[in-house]
Structure formats: structure tokens, C-alpha cells
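Working notes, structure below.
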Amino acid sequence: MRRSTAPCGPAAGTLDAAAEDAAATCTAGDYAAGEDAAEKDVAARVGGALEAVFDAVAQTRADTAALLARVIAQGRRPVTADLAALRPGLHLRLSRQELVSGVGFVAAPGMLADVPAWLEWWQSDADGDVRPLLLDLDPRTSAYSDYTHWDWFALPRDTGRRAVAGPYVDYLCSDEYSLTLSAPVEVAGRFLGVAAADVYLRHFEAAALPLLRELPGPARLVNARGRVAASTDPGQLAGALAKGPDFASVLTTGRPDVVGRLRLTPCRGVPLVLAVDRR
């Protein structure tokens with residue numbers, strides 16, 4: 001971004017020392033304001049890109065909550081066969097949402113009557129074919145896949161809000177470096193599981209890095225816990241844990257903040273913070 005060279009006070013060539021100081025201050029202020037506007041614009045565009053993925057999560061959440069509410073109203077506990085009704089919508093979201101590589105509902109342990117745990121999860125392979133995820137979810141076996149400790153499940157469960165987890169190596173689903181966007185599914189105030197969608201990190205970086213490169217300083221996107229999702233800062237690459245600022249508080253207030261040299265801007269509508277190093 002270029003500095004403005006137009007004087008902000010009296011006409012050029014008639015400035016005394018005080019006026020020159022005032023003009024310099026005004027120019028610097030205009031430049032800082034321009035930086036703020038650029039950061040807010042990039043944060044909004046990142047938010048818009050991920051909002052499309054959260055739309056898929058929201059649709060899955062709504063479909064699942066409605067389905068489970070109908071079953072519970074019948075006076076019985078849901079079973080895995082009931083969740084098959086979600087599949088047409090899940091397949092449609094996989095085919096329509098470019099960033100989504102996997103999508104589904106992950107049940108809270110003990111919620112279903114016929115199994116101790118369950119993922120109604122579908123993902124697309126390299127050829128674009130849609131297939132189910134099949135895991136060992138029997139806690140009595142050594143291969144049991146306990147998903148309750150993962151951030152994408154624990155954060156919505158514990159906070160009641162949607163979350164961006166990662167990047168992390170997704171050993172459950174794809175063995176890919178991924179982000180998982182998730183939201184709690186509740187019926188009558190009871191937590192029943194999470195609706196979620198996976199985004200391969202390489203796909204997210206392809207969308208986010210051109211935006212970060214528009215900014216005048218090293219920039220990165222971090223989640224509430226400081227995990228870096230994308231970065232143009234060689235000292236804070238994707239996957240690193242950024243320490244120092246309270247990123248969660250920026251998301252809670254929804255307002256930009258400055259911590260040392262870092263300008264922190266919440267991304268519109270999604271739980272990521274844009275951190276720019278103003279060196």
C-alpha cells in the first residue's frame with residue numbers, strides 16, 4: 001500500500017514548521033487508517049470463504065436436529081439406521097461446496113441406542129467419488145477411535161458455539177493436514193453431538209494466502225487457541241502454535257486489538273483472527 005503524499009493541511013509551499021508537523025501527523029494517520037481498512041477487508045473476505053463451509057455445517061446441524069427431535073418425540077432413542085436419512089443432504093453438500101472434503105454428524109457417546117458411538121460421515125476421494133468413513137467405535141477394542149478429546153468435538157460441546165479446529169493431521173478421516181469446522185447439535189437444550197465439515201489445509205491455503213499477501217506486513221490466521229491456519233510469516237507457519245495474545249478474547253469481543261507489534265482483527269462471522277506484524 002502506498003503512502004498518501006498529498007498535504008492534509010494548508011497548501012503545499014506555504015507550510016511553517018508547525019503546519020509541516022501537523023501534515024506529517026495527518027499523513028501517518030491516513031496511512032494507519034488505510035492499513036486498518038485493508039486488514040478488515042482481508043479478514044472479511046477470509047470470513048466469507050469459510051462462511052460457505054459453515055453453511056454446509058449449519059445445514060447438517062439443522063437436518064440432524066430436526067431428525068433427532070422427530071425420533072425423540074416418538075418416545076424412543078435414535079439408532080444408527082435413523083441417521084441414514086441425512087445422507088442425501090450430506091452427499092449434496094460434498095458435491096456443491098468446493099472446499100468441503102468431508103461432512104457429517106458425530107454423535108455424543110451414549111446418545112444412540114444401538115452403538116456406543118457413531119460418525120455419520122461421508123467424504124470425497126481423489127476421483128470425486130463419495131464414500132462413508134468406517135471406524136472402529138467399540139470402546140472395548142484396542143483400535144477404538146475416541147473422538148471426544150478432539151477440539152472439533154470438545155469446543156462446541158463445552159462452549160455451545162461453532163469452532164475451527166486445526167490445522168492438524170486428521171488421522172481419523174483422511175491422514176491429511178486439515179481444518180475441521182463444527183457446531184453443536186442440540187435438542188431441547190441437550191447436547192447430542194456435532195455437525196462438522198473438513199477442509200484440507202492445502203485447499204484453504206490456496207484460497208487464503210493470496211489475500212494475506214495483499215497486506216503490507218507478515219500475516220497469519222489463527223484460531224481461538226492460537227493455532228496457525230495460514231501464514232505469510234516465515235516464523236509462524238501453518239500448524240504452529242502462536243503464543244502471547246489472547247486470541248479467544250478478540251473473537252469474544254468481535255473488535256480489533258493491538259498487542260505489541262501485532263494488529264489483531266477478527267474474521268467476520270468465523271472463529272479465526274487475522275494477526276498482522278506491523279514491523
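Each value in this text was obtained by applying a stated rule to the coordinates, not by laboratory testing. Keep in mind the model is a prediction, meaning the values are calculated, not measured. Glycine also receives a Cβ, built like all others from the backbone with ideal geometry; neighbour counts cover every protein chain displayed.
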### Task
Distance from a point 7 Å along Cα→Cβ of residue 51 to each backbone N in segment 174-199: keep the residues under 20 Å and list them by number.
180-184, 196-199
### Cα centroid of segment 40-119 to Cα centroid of segment 150-194, whole Å
11
### Task
Could you check the simple spin-label distance between residue 161 and residue 188, using points 7 Å along Cα→Cβ, in nm with one decimal?
2.8
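What does the highest-first list of 222-235, 72-85, 195-208 look like by mean Cβ count within 10 Å?
Top of the packing list down: 195-208, 222-235, 72-85.
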### Task
Find how much the distance from residue 79 to residue 175 grows on full extension, using 0.36 nm per residue of separation minus their present alpha carbon separation; answer in nm with one decimal.
31.7 nm
### Query
Label points 7 Å out from Cα along the Cβ direction at residue 135 and residue 62: separation in nm?
2.7
### Message
Would you work out the Kirkwood radius for segment 179-279? I mean one over the mean of 1/r across all pairs of different Cα atoms, in Å.
### Response
14.4
